[in-house]
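Working notes, structure below.
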Amino acid sequence: MSLVADNVSFSYQDGHEILKDFSLSVDPNERVALQAPSGTGKTTLCQLLAGYLRPQAGEVLVDGAPVLNRRGLLRRVPAGPRPVQLIRQHPEQAFDPLVRLGRSVTEGLLFSDGTTQAKRGRNDRALEQLRASGLLERFGVREAWLGRFPHELSGGELMRLCLVRALLAQPRYLVCDEMTAMLDAVTQAALWREVLEIADRRAMGLVIVSHSPALVRRLATRIAPLA
C-alpha cells in the first residue's frame, strides 16, 4: 500500500492556485524527491501529504484510507500517532516554547484519560519508551536536552529532536521539507545517514524536498516533478 495524493488541488485565500489535479504515489521503501522551482507548491504538497492542509479537490490516502476525515480532521489511528510525519526546515517552529522538550518529543505517545497521577505515570512510561528506542543515541541527543526549553538549544540540536519525535511515532512515511538546509555539511550527512538506515530497516517511505541537486541525487530513488 502507498501514500497517495489523488488529483489534489489547492488554492490559498487570495485565489492563487498552487496545485491543480496533481497526483503522486509513494510506496514503502521509496525515496521520492519533489522537483519544482521555488514557490510552486512543494511545501504546500508536503503539508497536504501530512494532513496539515486539506485539498479543495481530490484526497490524500495512506494505505487506502483518507488522511483526513469528512470534517477535515486527522483520522484517528488505533495504534496512536499519525502515519505520516512532517519535518520542516525551521525546527524552532516545531516546538511549544513553554513546554520542556522531553514532554514535546513524547507527546505523540501520551493520551489524556484521567488523574494527575495517571498522567505522571504516562509521562514516565513515555520517557522510558523514548530511552529504550535507541533514537537518542542514534541522533546524538543528550539526556539533559529533554529538561530544557526550545530557546535553550541550537537549531541543529532542535532538528535532532524533531527527527527523534517523528521517528518515535513509527510512521509509515516521513516527509522531509528542506529539513537539513540550515545545517552544516557534516551534520547534514550524519542526520541523513541515520534517517536512511532507519527507513531501510522499517521499509518507511520518504518524500524529500531539497534545493541541493547533489543531495537529491544521493538520496532519491525517484524524482517527481510537480509540473
Quiz prompt | For the stretch 145-162, 3J(HN,Hα) per residue [Karplus equation, 6.51 cos²θ - 1.76 cosθ + 1.60, θ = phi - 60°, Hz, x = Gly/Pro] | solution = 4, 5, x, 9, 9, x, 5, 8, 10, 7, x, x, 5, 5, 5, 4, 5, 4
Quiz item: Which order do peptides 134-145, 156-167 fall in by mean Cβ count within 10 Å, highest first?
Solution: 156-167, 134-145
Quiz item: If you count the DSSP beta bridges with both ends in the chain, what percent of them are antiparallel, to the nearest 5?
Solution: 50
Self-check item: Neighbourhood net charge (13 Å Cβ-Cβ; Lys/Arg +1, Asp/Glu -1) for Gln93
Solution: -3
Quiz item: What number comes out for the charge environment of Tyr12, summing +1 per Lys or Arg and -1 per Asp or Glu over other residues with Cβ under 15 Å away?
Solution: +1
Self-check item: MRE, 222 nm, helices only [DSSP H, n ≥ 4, -39500 (n - 2.57), over the chain, to nearest 500]
Solution: -10000 deg cm²/dmol
Exercise. Select from Ile18, Val209, Pro171 the residue farthest towards the positive end of the dipole of the chain; place +1 on Cβ of Lys and Arg, -1 on Cβ of Asp and Glu, and compute about the Cα centre.
Key: Pro171
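A short reminder: the numbers here are calculations on the coordinates, not readings from a lab. The model shown is predicted, which means the values in this text are computed figures rather than measured ones. FYI the Cβ positions are ideal-geometry reconstructions off the backbone, even for glycines, and counts take in every protein chain you see.
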